[in-house]
Amino acid sequence: MNSNRPIDVLDKAKGKRILVKLKNGEEITGDLVALDLHLNMWLENAEIVKEQTKTKIGNIFLRGDTIVYSIVL
Amino acid sequence: MNSNRPIDVLDKAKGKRILVKLKNGEEITGDLVALDLHLNMWLENAEIVKEQTKTKIGNIFLRGDTIVYSIVL
Amino acid sequence: MNSNRPIDVLDKAKGKRILVKLKNGEEITGDLVALDLHLNMWLENAEIVKEQTKTKIGNIFLRGDTIVYSIVL
Amino acid sequence: MNSNRPIDVLDKAKGKRILVKLKNGEEITGDLVALDLHLNMWLENAEIVKEQTKTKIGNIFLRGDTIVYSIVL
Amino acid sequence: MNSNRPIDVLDKAKGKRILVKLKNGEEITGDLVALDLHLNMWLENAEIVKEQTKTKIGNIFLRGDTIVYSIVL
Amino acid sequence: MNSNRPIDVLDKAKGKRILVKLKNGEEITGDLVALDLHLNMWLENAEIVKEQTKTKIGNIFLRGDTIVYSIVL
Amino acid sequence: MNSNRPIDVLDKAKGKRILVKLKNGEEITGDLVALDLHLNMWLENAEIVKEQTKTKIGNIFLRGDTIVYSIVL
(Lines give C-alpha, C1' and ligand atoms only; values in the text may rest on other atoms or scores of the structure.)
Protein backbone atom coordinates (compact mmCIF):
# COMPACT_ATOMS: atom_id res chain seq x y z
CA MET A 1 0.00 0.00 0.00
CA ASN A 2 1.72 3.22 -1.14
CA SER A 3 1.50 6.55 0.64
CA ASN A 4 -1.03 8.25 -1.68
CA ARG A 5 -3.62 8.74 1.04
CA PRO A 6 -7.26 9.65 0.25
CA ILE A 7 -7.05 12.53 2.73
CA ASP A 8 -4.10 13.99 0.81
CA VAL A 9 -6.09 13.89 -2.41
CA LEU A 10 -9.02 15.64 -0.67
CA ASP A 11 -6.62 18.20 0.77
CA LYS A 12 -5.88 19.38 -2.77
CA ALA A 13 -9.53 20.52 -2.98
CA LYS A 14 -8.80 23.41 -0.60
CA GLY A 15 -10.18 26.60 -2.10
CA LYS A 16 -12.66 24.63 -4.16
CA ARG A 17 -16.36 24.11 -3.56
CA ILE A 18 -17.32 20.76 -2.07
CA LEU A 19 -20.49 18.99 -1.01
CA VAL A 20 -20.43 17.11 2.28
CA LYS A 21 -23.01 14.45 3.14
CA LEU A 22 -23.57 14.07 6.88
CA LYS A 23 -24.69 10.97 8.83
CA ASN A 24 -27.88 12.79 9.91
CA GLY A 25 -28.86 13.08 6.23
CA GLU A 26 -28.10 16.79 5.80
CA GLU A 27 -25.96 18.04 2.91
CA ILE A 28 -23.65 21.04 3.27
CA THR A 29 -21.92 22.85 0.42
CA GLY A 30 -19.11 25.35 0.90
CA ASP A 31 -15.56 26.43 0.09
CA LEU A 32 -13.09 24.05 1.78
CA VAL A 33 -10.72 26.21 3.86
CA ALA A 34 -9.26 23.86 6.47
CA LEU A 35 -9.10 20.09 6.93
CA ASP A 36 -7.40 17.78 9.43
CA LEU A 37 -6.71 14.06 9.72
CA HIS A 38 -9.95 13.45 11.67
CA LEU A 39 -11.75 14.87 8.60
CA ASN A 40 -12.86 17.88 10.63
CA MET A 41 -13.51 20.70 8.12
CA TRP A 42 -13.93 24.45 8.06
CA LEU A 43 -16.10 25.66 5.17
CA GLU A 44 -16.87 29.23 4.16
CA ASN A 45 -19.82 30.60 2.14
CA ALA A 46 -21.60 27.47 3.25
CA GLU A 47 -25.18 26.43 2.57
CA ILE A 48 -27.37 23.68 4.02
CA VAL A 49 -29.21 21.83 1.27
CA LYS A 50 -32.51 20.28 2.34
CA GLU A 51 -35.15 19.01 -0.06
CA GLN A 52 -34.14 21.35 -2.92
CA THR A 53 -34.01 24.49 -0.68
CA LYS A 54 -30.68 26.07 0.24
CA THR A 55 -30.08 28.06 3.46
CA LYS A 56 -27.01 30.31 3.59
CA ILE A 57 -25.10 29.79 6.84
CA GLY A 58 -21.75 31.52 6.38
CA ASN A 59 -18.84 29.79 8.11
CA ILE A 60 -19.21 26.29 9.53
CA PHE A 61 -17.11 23.78 11.46
CA LEU A 62 -18.00 20.19 10.55
CA ARG A 63 -17.04 17.42 12.98
CA GLY A 64 -15.24 14.71 11.00
CA ASP A 65 -16.96 11.70 12.51
CA THR A 66 -20.34 12.96 11.32
CA ILE A 67 -19.27 12.92 7.66
CA VAL A 68 -20.24 10.13 5.25
CA TYR A 69 -18.55 11.43 2.10
CA SER A 70 -17.32 14.54 0.39
CA ILE A 71 -17.71 15.35 -3.33
CA VAL A 72 -15.62 17.95 -5.18
CA LEU A 73 -18.05 20.15 -7.16
CA MET B 1 -1.56 19.11 4.52
CA ASN B 2 -0.56 22.32 6.35
CA SER B 3 -1.18 23.04 10.03
CA ASN B 4 -4.19 25.35 9.64
CA ARG B 5 -6.52 23.10 11.60
CA PRO B 6 -10.33 23.57 11.53
CA ILE B 7 -10.37 23.53 15.35
CA ASP B 8 -7.95 26.46 15.41
CA VAL B 9 -10.23 28.45 13.14
CA LEU B 10 -13.20 27.66 15.38
CA ASP B 11 -11.15 28.62 18.43
CA LYS B 12 -11.02 32.20 17.09
CA ALA B 13 -14.80 32.35 17.58
CA LYS B 14 -14.34 32.49 21.37
CA GLY B 15 -16.39 35.35 22.75
CA LYS B 16 -18.70 35.20 19.73
CA ARG B 17 -22.18 33.72 19.50
CA ILE B 18 -22.37 30.32 17.84
CA LEU B 19 -25.07 27.79 16.96
CA VAL B 20 -24.32 24.14 17.66
CA LYS B 21 -26.29 21.34 16.01
CA LEU B 22 -26.38 18.16 18.09
CA LYS B 23 -26.72 14.55 16.93
CA ASN B 24 -30.06 14.25 18.80
CA GLY B 25 -31.45 17.03 16.57
CA GLU B 26 -31.40 19.81 19.17
CA GLU B 27 -29.83 23.19 18.40
CA ILE B 28 -28.06 25.22 21.08
CA THR B 29 -26.97 28.85 20.74
CA GLY B 30 -24.61 30.59 23.13
CA ASP B 31 -21.41 32.55 23.66
CA LEU B 32 -18.40 30.27 23.12
CA VAL B 33 -16.23 30.50 26.26
CA ALA B 34 -14.12 27.34 26.25
CA LEU B 35 -13.26 24.66 23.68
CA ASP B 36 -10.95 21.65 23.64
CA LEU B 37 -9.57 19.25 21.04
CA HIS B 38 -12.43 16.77 21.62
CA LEU B 39 -14.77 19.62 20.60
CA ASN B 40 -16.17 19.76 24.13
CA MET B 41 -17.55 23.29 24.62
CA TRP B 42 -18.63 25.60 27.41
CA LEU B 43 -21.28 28.13 26.32
CA GLU B 44 -22.75 30.98 28.34
CA ASN B 45 -26.09 32.80 27.90
CA ALA B 46 -27.17 29.65 26.10
CA GLU B 47 -30.58 28.83 24.63
CA ILE B 48 -32.08 25.59 23.33
CA VAL B 49 -33.85 26.16 20.02
CA LYS B 50 -36.71 23.76 19.32
CA GLU B 51 -39.32 24.29 16.62
CA GLN B 52 -39.03 28.11 16.64
CA THR B 53 -39.22 28.38 20.48
CA LYS B 54 -36.14 29.30 22.50
CA THR B 55 -35.55 28.23 26.12
CA LYS B 56 -32.92 30.13 28.13
CA ILE B 57 -30.62 27.70 29.94
CA GLY B 58 -27.69 29.79 31.18
CA ASN B 59 -24.36 27.95 31.19
CA ILE B 60 -23.96 24.62 29.41
CA PHE B 61 -21.28 22.00 28.88
CA LEU B 62 -21.61 20.27 25.49
CA ARG B 63 -19.94 16.89 25.00
CA GLY B 64 -17.91 17.05 21.79
CA ASP B 65 -18.90 13.69 20.36
CA THR B 66 -22.56 14.72 20.32
CA ILE B 67 -21.89 17.69 18.00
CA VAL B 68 -22.61 17.58 14.26
CA TYR B 69 -21.50 21.10 13.33
CA SER B 70 -21.03 24.57 14.66
CA ILE B 71 -21.93 27.83 12.88
CA VAL B 72 -20.54 31.25 13.79
CA LEU B 73 -23.51 33.63 14.05
CA MET C 1 -5.97 27.34 21.88
CA ASN C 2 -5.34 28.14 25.57
CA SER C 3 -5.68 25.67 28.43
CA ASN C 4 -9.08 26.83 29.75
CA ARG C 5 -10.76 23.50 29.15
CA PRO C 6 -14.57 23.12 29.22
CA ILE C 7 -14.21 20.19 31.64
CA ASP C 8 -12.34 22.44 34.08
CA VAL C 9 -15.16 24.97 33.98
CA LEU C 10 -17.70 22.21 34.63
CA ASP C 11 -15.53 20.89 37.47
CA LYS C 12 -16.15 24.15 39.33
CA ALA C 13 -19.85 23.16 39.52
CA LYS C 14 -19.00 20.47 42.10
CA GLY C 15 -21.38 20.81 45.03
CA LYS C 16 -23.93 22.56 42.82
CA ARG C 17 -27.10 21.13 41.31
CA ILE C 18 -26.88 20.24 37.63
CA LEU C 19 -29.16 18.80 34.96
CA VAL C 20 -27.74 16.15 32.67
CA LYS C 21 -29.35 15.27 29.34
CA LEU C 22 -28.67 11.69 28.26
CA LYS C 23 -28.49 10.26 24.72
CA ASN C 24 -31.50 8.01 25.48
CA GLY C 25 -33.57 11.17 26.07
CA GLU C 26 -33.76 10.95 29.88
CA GLU C 27 -32.88 13.93 32.06
CA ILE C 28 -31.23 13.52 35.45
CA THR C 29 -30.83 16.25 38.07
CA GLY C 30 -28.56 15.96 41.09
CA ASP C 31 -25.71 17.40 43.14
CA LEU C 32 -22.42 16.97 41.26
CA VAL C 33 -20.02 15.16 43.60
CA ALA C 34 -17.40 13.59 41.32
CA LEU C 35 -16.37 14.04 37.68
CA ASP C 36 -13.57 12.63 35.52
CA LEU C 37 -12.08 13.38 32.11
CA HIS C 38 -14.40 10.84 30.40
CA LEU C 39 -17.29 12.95 31.76
CA ASN C 40 -18.31 10.08 34.05
CA MET C 41 -20.23 11.64 36.95
CA TRP C 42 -21.40 10.76 40.45
CA LEU C 43 -24.54 12.64 41.50
CA GLU C 44 -26.26 12.62 44.87
CA ASN C 45 -29.90 13.45 45.75
CA ALA C 46 -30.60 12.65 42.13
CA GLU C 47 -33.94 12.59 40.33
CA ILE C 48 -34.99 11.27 36.90
CA VAL C 49 -37.16 13.81 35.10
CA LYS C 50 -39.62 12.31 32.62
CA GLU C 51 -42.54 14.19 31.13
CA GLN C 52 -42.91 16.62 34.08
CA THR C 53 -42.75 13.83 36.73
CA LYS C 54 -39.68 13.45 38.94
CA THR C 55 -38.56 10.14 40.50
CA LYS C 56 -36.10 10.30 43.41
CA ILE C 57 -33.23 7.84 42.88
CA GLY C 58 -30.60 8.77 45.48
CA ASN C 59 -27.02 8.26 44.29
CA ILE C 60 -26.25 7.61 40.64
CA PHE C 61 -23.20 6.89 38.47
CA LEU C 62 -23.59 8.33 34.95
CA ARG C 63 -21.42 6.90 32.17
CA GLY C 64 -19.79 9.83 30.35
CA ASP C 65 -20.32 8.61 26.80
CA THR C 66 -24.09 8.60 27.32
CA ILE C 67 -24.20 12.32 28.13
CA VAL C 68 -25.27 14.97 25.59
CA TYR C 69 -24.91 18.06 27.75
CA SER C 70 -24.91 19.31 31.30
CA ILE C 71 -26.54 22.52 32.56
CA VAL C 72 -25.66 24.24 35.86
CA LEU C 73 -28.97 24.95 37.65
CA MET D 1 -9.87 18.49 39.06
CA ASN D 2 -9.03 16.31 42.08
CA SER D 3 -8.63 12.54 42.00
CA ASN D 4 -12.01 11.60 43.52
CA ARG D 5 -13.15 9.65 40.49
CA PRO D 6 -16.80 8.62 39.98
CA ILE D 7 -15.68 5.03 39.34
CA ASP D 8 -13.99 4.93 42.76
CA VAL D 9 -17.20 6.05 44.43
CA LEU D 10 -19.13 3.34 42.56
CA ASP D 11 -16.50 0.79 43.54
CA LYS D 12 -17.47 1.28 47.18
CA ALA D 13 -20.91 -0.18 46.30
CA LYS D 14 -19.34 -3.65 45.97
CA GLY D 15 -21.43 -6.11 47.96
CA LYS D 16 -24.46 -3.84 47.69
CA ARG D 17 -27.48 -4.20 45.42
CA ILE D 18 -27.49 -1.92 42.37
CA LEU D 19 -29.75 -1.22 39.42
CA VAL D 20 -28.13 -0.86 36.01
CA LYS D 21 -29.90 0.81 33.09
CA LEU D 22 -28.72 -0.47 29.69
CA LYS D 23 -28.66 1.35 26.35
CA ASN D 24 -31.14 -1.20 24.92
CA GLY D 25 -33.66 -0.07 27.56
CA GLU D 26 -33.41 -3.13 29.83
CA GLU D 27 -32.84 -2.76 33.58
CA ILE D 28 -30.79 -5.28 35.55
CA THR D 29 -30.61 -5.48 39.35
CA GLY D 30 -28.02 -7.52 41.23
CA ASP D 31 -25.29 -7.64 43.85
CA LEU D 32 -22.18 -5.85 42.52
CA VAL D 33 -19.27 -8.30 42.80
CA ALA D 34 -16.66 -7.05 40.32
CA LEU D 35 -16.10 -3.82 38.39
CA ASP D 36 -13.34 -2.50 36.11
CA LEU D 37 -12.37 0.82 34.58
CA HIS D 38 -14.37 0.10 31.39
CA LEU D 39 -17.43 -0.18 33.68
CA ASN D 40 -17.69 -3.89 32.90
CA MET D 41 -19.54 -5.48 35.83
CA TRP D 42 -20.17 -8.90 37.33
CA LEU D 43 -23.47 -9.13 39.23
CA GLU D 44 -24.81 -12.05 41.27
CA ASN D 45 -28.42 -12.89 42.22
CA ALA D 46 -29.35 -10.76 39.22
CA GLU D 47 -32.79 -10.07 37.80
CA ILE D 48 -33.94 -8.51 34.52
CA VAL D 49 -36.69 -5.96 35.15
CA LYS D 50 -39.10 -5.48 32.25
CA GLU D 51 -42.45 -3.73 32.52
CA GLN D 52 -42.93 -4.52 36.24
CA THR D 53 -42.01 -8.25 35.85
CA LYS D 54 -38.70 -9.58 37.18
CA THR D 55 -36.87 -12.60 35.75
CA LYS D 56 -34.18 -14.24 37.90
CA ILE D 57 -31.01 -14.83 35.87
CA GLY D 58 -28.34 -15.72 38.44
CA ASN D 59 -24.86 -14.45 37.51
CA ILE D 60 -24.35 -11.93 34.71
CA PHE D 61 -21.48 -10.15 32.98
CA LEU D 62 -22.46 -6.66 31.79
CA ARG D 63 -20.38 -5.03 29.07
CA GLY D 64 -19.48 -1.52 30.24
CA ASP D 65 -20.17 0.31 26.99
CA THR D 66 -23.79 -0.81 27.06
CA ILE D 67 -24.46 0.87 30.41
CA VAL D 68 -26.23 4.25 30.71
CA TYR D 69 -26.19 4.60 34.49
CA SER D 70 -26.05 2.69 37.73
CA ILE D 71 -28.07 3.42 40.88
CA VAL D 72 -27.16 2.16 44.36
CA LEU D 73 -30.35 0.61 45.85
CA MET E 1 -10.35 -0.86 43.06
CA ASN E 2 -8.85 -4.37 43.41
CA SER E 3 -7.82 -6.58 40.53
CA ASN E 4 -10.80 -8.97 40.55
CA ARG E 5 -11.90 -8.08 37.05
CA PRO E 6 -15.36 -9.01 35.70
CA ILE E 7 -13.69 -10.56 32.61
CA ASP E 8 -11.66 -12.88 34.86
CA VAL E 9 -14.84 -14.06 36.57
CA LEU E 10 -16.46 -14.69 33.18
CA ASP E 11 -13.33 -16.53 32.04
CA LYS E 12 -14.00 -19.18 34.70
CA ALA E 13 -17.20 -20.07 32.78
CA LYS E 14 -15.11 -21.68 30.03
CA GLY E 15 -16.52 -25.13 29.30
CA LYS E 16 -19.89 -24.08 30.65
CA ARG E 17 -23.02 -23.15 28.71
CA ILE E 18 -23.74 -19.42 28.48
CA LEU E 19 -26.38 -17.19 26.97
CA VAL E 20 -25.21 -14.07 25.14
CA LYS E 21 -27.54 -11.15 24.42
CA LEU E 22 -26.51 -9.15 21.33
CA LYS E 23 -27.11 -5.48 20.57
CA ASN E 24 -29.24 -6.46 17.54
CA GLY E 25 -31.64 -8.25 19.92
CA GLU E 26 -30.61 -11.81 19.08
CA GLU E 27 -29.74 -14.31 21.82
CA ILE E 28 -27.10 -16.99 21.31
CA THR E 29 -26.49 -19.96 23.61
CA GLY E 30 -23.41 -22.17 23.45
CA ASP E 31 -20.44 -23.70 25.22
CA LEU E 32 -17.84 -20.99 25.95
CA VAL E 33 -14.54 -22.16 24.46
CA ALA E 34 -12.46 -19.01 23.99
CA LEU E 35 -12.67 -15.43 25.24
CA ASP E 36 -10.44 -12.36 24.95
CA LEU E 37 -10.22 -8.93 26.57
CA HIS E 38 -12.37 -7.35 23.82
CA LEU E 39 -15.08 -9.83 24.89
CA ASN E 40 -14.78 -11.61 21.54
CA MET E 41 -16.01 -15.18 22.09
CA TRP E 42 -15.88 -18.58 20.40
CA LEU E 43 -18.87 -20.78 21.24
CA GLU E 44 -19.48 -24.41 20.24
CA ASN E 45 -22.77 -26.34 19.97
CA ALA E 46 -24.34 -22.92 19.59
CA GLU E 47 -27.99 -22.07 18.96
CA ILE E 48 -29.72 -18.84 17.96
CA VAL E 49 -32.79 -18.24 20.11
CA LYS E 50 -35.53 -16.20 18.43
CA GLU E 51 -39.08 -15.94 19.70
CA GLN E 52 -39.05 -19.35 21.47
CA THR E 53 -37.54 -21.22 18.45
CA LYS E 54 -33.93 -22.42 18.52
CA THR E 55 -31.74 -22.87 15.43
CA LYS E 56 -28.61 -25.02 15.75
CA ILE E 57 -25.61 -23.24 14.22
CA GLY E 58 -22.57 -25.22 15.39
CA ASN E 59 -19.48 -23.08 15.98
CA ILE E 60 -19.72 -19.28 16.13
CA PHE E 61 -17.39 -16.32 16.57
CA LEU E 62 -19.09 -13.42 18.38
CA ARG E 63 -17.61 -9.94 18.02
CA GLY E 64 -17.22 -8.47 21.51
CA ASP E 65 -18.54 -4.99 20.77
CA THR E 66 -21.89 -6.44 19.71
CA ILE E 67 -22.49 -8.04 23.10
CA VAL E 68 -24.79 -6.52 25.75
CA TYR E 69 -24.41 -9.14 28.47
CA SER E 70 -23.60 -12.76 29.11
CA ILE E 71 -25.39 -15.07 31.55
CA VAL E 72 -23.93 -18.34 32.89
CA LEU E 73 -26.62 -21.03 32.47
CA MET F 1 -7.09 -16.03 30.87
CA ASN F 2 -4.96 -18.21 28.54
CA SER F 3 -3.85 -17.21 25.07
CA ASN F 4 -6.37 -19.30 23.07
CA ARG F 5 -7.96 -16.27 21.42
CA PRO F 6 -11.32 -16.49 19.60
CA ILE F 7 -9.74 -14.80 16.56
CA ASP F 8 -7.11 -17.57 16.38
CA VAL F 9 -9.83 -20.21 16.37
CA LEU F 10 -11.66 -18.34 13.58
CA ASP F 11 -8.38 -18.02 11.67
CA LYS F 12 -8.31 -21.82 11.31
CA ALA F 13 -11.48 -21.53 9.19
CA LYS F 14 -9.44 -20.04 6.32
CA GLY F 15 -10.27 -21.91 3.13
CA LYS F 16 -13.63 -22.93 4.56
CA ARG F 17 -17.06 -21.49 3.82
CA ILE F 18 -18.43 -19.14 6.46
CA LEU F 19 -21.57 -17.09 7.00
CA VAL F 20 -21.15 -13.54 8.28
CA LYS F 21 -24.02 -11.61 9.89
CA LEU F 22 -23.68 -7.84 9.48
CA LYS F 23 -25.00 -5.07 11.75
CA ASN F 24 -27.23 -3.81 8.91
CA GLY F 25 -29.01 -7.19 8.92
CA GLU F 26 -27.47 -8.58 5.72
CA GLU F 27 -25.89 -12.04 5.64
CA ILE F 28 -22.89 -12.81 3.45
CA THR F 29 -21.53 -16.30 2.71
CA GLY F 30 -18.15 -16.95 1.14
CA ASP F 31 -14.78 -18.69 1.33
CA LEU F 32 -12.64 -17.04 4.04
CA VAL F 33 -9.36 -16.01 2.40
CA ALA F 34 -7.93 -13.29 4.66
CA LEU F 35 -8.62 -12.05 8.18
CA ASP F 36 -7.01 -9.49 10.48
CA LEU F 37 -7.23 -8.54 14.16
CA HIS F 38 -9.90 -5.89 13.44
CA LEU F 39 -12.02 -8.77 12.04
CA ASN F 40 -11.75 -7.27 8.56
CA MET F 41 -12.28 -10.15 6.10
CA TRP F 42 -11.73 -10.96 2.44
CA LEU F 43 -14.17 -13.54 1.10
CA GLU F 44 -14.23 -15.16 -2.35
CA ASN F 45 -17.14 -16.80 -4.23
CA ALA F 46 -19.32 -14.68 -1.97
CA GLU F 47 -23.10 -14.39 -1.99
CA ILE F 48 -25.46 -11.93 -0.28
CA VAL F 49 -28.36 -13.79 1.34
CA LYS F 50 -31.56 -11.77 1.63
CA GLU F 51 -34.96 -13.25 2.38
CA GLN F 52 -34.16 -16.71 0.93
CA THR F 53 -32.65 -15.29 -2.33
CA LYS F 54 -28.90 -15.40 -2.95
CA THR F 55 -27.00 -12.91 -5.12
CA LYS F 56 -23.53 -13.89 -6.34
CA ILE F 57 -21.06 -11.04 -5.77
CA GLY F 58 -17.61 -12.58 -6.31
CA ASN F 59 -14.90 -11.10 -4.08
CA ILE F 60 -15.78 -8.90 -1.13
CA PHE F 61 -13.98 -6.94 1.59
CA LEU F 62 -15.97 -6.83 4.85
CA ARG F 63 -15.16 -4.11 7.37
CA GLY F 64 -14.68 -5.76 10.77
CA ASP F 65 -16.67 -3.28 12.84
CA THR F 66 -19.80 -4.02 10.82
CA ILE F 67 -19.76 -7.72 11.75
CA VAL F 68 -22.00 -9.21 14.46
CA TYR F 69 -20.90 -12.83 14.23
CA SER F 70 -19.41 -15.40 11.94
CA ILE F 71 -20.50 -19.06 11.64
CA VAL F 72 -18.36 -21.83 10.10
CA LEU F 73 -20.57 -23.70 7.60
CA MET G 1 -2.47 -15.64 11.72
CA ASN G 2 -0.26 -14.83 8.70
CA SER G 3 0.30 -11.36 7.30
CA ASN G 4 -2.01 -11.62 4.26
CA ARG G 5 -4.27 -8.78 5.40
CA PRO G 6 -7.70 -8.19 3.83
CA ILE G 7 -6.76 -4.52 3.26
CA ASP G 8 -3.73 -5.60 1.23
CA VAL G 9 -5.92 -7.76 -0.98
CA LEU G 10 -8.33 -4.84 -1.48
CA ASP G 11 -5.38 -2.56 -2.24
CA LYS G 12 -4.67 -4.65 -5.37
CA ALA G 13 -8.05 -3.46 -6.73
CA LYS G 14 -6.60 0.03 -7.29
CA GLY G 15 -7.43 1.13 -10.82
CA LYS G 16 -10.38 -1.24 -10.92
CA ARG G 17 -14.07 -0.45 -10.54
CA ILE G 18 -15.56 -1.24 -7.14
CA LEU G 19 -18.93 -0.98 -5.44
CA VAL G 20 -19.02 0.35 -1.90
CA LYS G 21 -21.99 -0.22 0.41
CA LEU G 22 -22.37 2.50 3.06
CA LYS G 23 -23.92 2.24 6.53
CA ASN G 24 -26.62 4.75 5.51
CA GLY G 25 -27.77 2.30 2.82
CA GLU G 26 -26.33 4.16 -0.19
CA GLU G 27 -24.20 2.38 -2.76
CA ILE G 28 -21.34 4.11 -4.57
CA THR G 29 -19.49 2.77 -7.60
CA GLY G 30 -16.22 4.20 -8.88
CA ASP G 31 -12.59 3.63 -9.85
CA LEU G 32 -10.51 3.01 -6.71
CA VAL G 33 -7.64 5.53 -6.75
CA ALA G 34 -6.49 5.79 -3.13
CA LEU G 35 -7.03 3.75 0.04
CA ASP G 36 -5.65 3.92 3.58
CA LEU G 37 -5.66 1.68 6.66
CA HIS G 38 -8.82 3.37 8.03
CA LEU G 39 -10.52 2.22 4.80
CA ASN G 40 -10.89 5.86 3.71
CA MET G 41 -11.15 5.82 -0.11
CA TRP G 42 -10.86 8.18 -3.03
CA LEU G 43 -12.93 7.12 -6.04
CA GLU G 44 -13.07 8.72 -9.49
CA ASN G 45 -15.81 8.56 -12.15
CA ALA G 46 -18.09 7.77 -9.24
CA GLU G 47 -21.85 7.21 -9.27
CA ILE G 48 -24.42 6.99 -6.49
CA VAL G 49 -26.75 4.04 -7.05
CA LYS G 50 -30.22 4.46 -5.55
CA GLU G 51 -33.19 2.31 -6.43
CA GLN G 52 -31.94 1.41 -9.96
CA THR G 53 -31.06 5.05 -10.86
CA LYS G 54 -27.43 6.19 -11.09
CA THR G 55 -26.26 9.76 -10.46
CA LYS G 56 -22.81 10.73 -11.74
CA ILE G 57 -20.84 12.56 -9.04
CA GLY G 58 -17.24 12.68 -10.31
CA ASN G 59 -14.62 12.42 -7.57
CA ILE G 60 -15.55 11.39 -4.05
CA PHE G 61 -13.86 10.91 -0.66
CA LEU G 62 -15.48 8.12 1.37
CA ARG G 63 -14.92 8.06 5.13
CA GLY G 64 -13.79 4.56 6.10
CA ASP G 65 -15.96 4.15 9.18
CA THR G 66 -19.11 4.62 7.09
CA ILE G 67 -18.32 1.62 4.88
CA VAL G 68 -19.97 -1.79 5.33
CA TYR G 69 -18.28 -3.67 2.50
CA SER G 70 -16.60 -3.26 -0.84
CA ILE G 71 -17.06 -5.51 -3.89
CA VAL G 72 -14.65 -5.67 -6.83
CA LEU G 73 -16.74 -5.37 -10.01
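The values are calculated or read from the model by the stated rules, or taken from the named source; none is laboratory data. If you're wondering where the values come from, they're calculated on a predicted model, not measured in any experiment. Note: ideal-geometry Cβ built from the backbone for every residue, glycine included; neighbour counts use all protein chains shown.
Each residue in segment C:5-26 was checked for being surrounded by 17 or more Cβ atoms within 10 Å (Cβ to Cβ) and of a type in the set (Gly, Ala, Ser), and 1 pass.
Every condition in (1) under 12 Å from the mean Cα position of the chain (by Cα); (2) assigned to a strand (DSSP E or B); (3) of a type outside the set (Val, Ile, Thr) is met by G:Gly58 except one, and the failing one is (1). Within segment B:27-55, the set of residues being under 11 Å from C:Ile71 (Cα atoms) and surrounded by fewer than 16 Cβ atoms within 10 Å (Cβ to Cβ) comprises B:Glu44 only.
Only residues that are at pLDDT 95 or above and of a type in the set (Asp, Glu) were counted across segment C:37-57, and they come to 2.
Are any residues in segment B:2-32 farther than 14 Å from B:Ile60 by Cα and among the hydrophobic types (A, V, I, L, M, F, W, C), and if so, which ones? Those that are farther than 14 Å from B:Ile60 by Cα and among the hydrophobic types (A, V, I, L, M, F, W, C): B:Ile7, B:Val9, B:Leu10, B:Ala13.
Scanning segment E:25-42 for residues that are aliphatic (A, V, I, L, M) and facing chain F (nearest Cβ under 9 Å) returns E:Ile28, E:Val33, E:Ala34, E:Leu35, E:Leu37, E:Met41.
Look through segment D:43-55, keep the residues that are part of a strand (DSSP E or B) and of a type in the set (Asp, Glu), and return whichever of them is farthest from the other protein chains (Cβ to nearest Cβ).
Going through segment D:43-55, the residues part of a strand (DSSP E or B) turn out to be D:43-50, D:53-55.
Narrowing further to those that are of a type in the set (Asp, Glu): D:44, D:47.
Working: D:Glu44: 9, D:Glu47: 11 Å.
The residue in question is D:Glu47.
With respect to G:Gly58, determine if the residue is more than 14 Å from chain F (Cβ to nearest Cβ) and surrounded by fewer than 16 Cβ atoms within 10 Å (Cβ to Cβ).
Working: more than 14 Å from chain F (Cβ to nearest Cβ): yes; surrounded by fewer than 16 Cβ atoms within 10 Å (Cβ to Cβ): yes.
Taking the combined requirement at face value, the residue satisfies it.
Here is a yes/no grid of residues against (1) out of contact with any helix residue (DSSP H, G or I) (no Cβ under 9 Å at 6 or more places or on another chain); (2) touching a residue at least 40 places away in the same chain (Cβ under 8 Å); (3) on the phi < 0 side of the Ramachandran plot:
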{"site": "B:Pro6", "(1), (2), (3)": "no, no, yes"}
{"site": "B:Val9", "(1), (2), (3)": "yes, no, yes"}
{"site": "B:Lys23", "(1), (2), (3)": "no, yes, yes"}
{"site": "B:Glu44", "(1), (2), (3)": "yes, no, yes"}
{"site": "B:Glu47", "(1), (2), (3)": "yes, no, yes"}
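Do we have F:Ile71 as in contact with a strand residue (DSSP E or B) (Cβ under 6 Å, 6 or more places away or on another chain), aliphatic (A, V, I, L, M) and over 30 Å from E:Pro6 (Cα atoms) here? Criteria not met by F:Ile71.
Of the numbered conditions (1) of a type outside the set (Lys, Arg); (2) farther than 16 Å from B:Val72 by Cβ; (3) under 8 Å from the mean Cα position of the chain (by Cα), B:Gly30 fails exactly one; give the number of that condition. Going through the list (1) of a type outside the set (Lys, Arg); (2) farther than 16 Å from B:Val72 by Cβ; (3) under 8 Å from the mean Cα position of the chain (by Cα), B:Gly30 breaks only (2). Against the list (1) in contact with a Gly (Cβ under 7 Å, 6 or more places away or on another chain); (2) facing another protein chain (nearest Cβ under 8 Å), the condition A:Ile67 fails is (1). Any chance segment D:16-24 includes a residue that's more than 9 Å from every other protein chain (Cβ to nearest Cβ), at pLDDT 95 or above and not in a strand (DSSP E or B)? Within segment D:16-24 (the criterion being more than 9 Å from every other protein chain (Cβ to nearest Cβ), at pLDDT 95 or above and not in a strand (DSSP E or B)), the answer is yes, since at least one residue qualifies.
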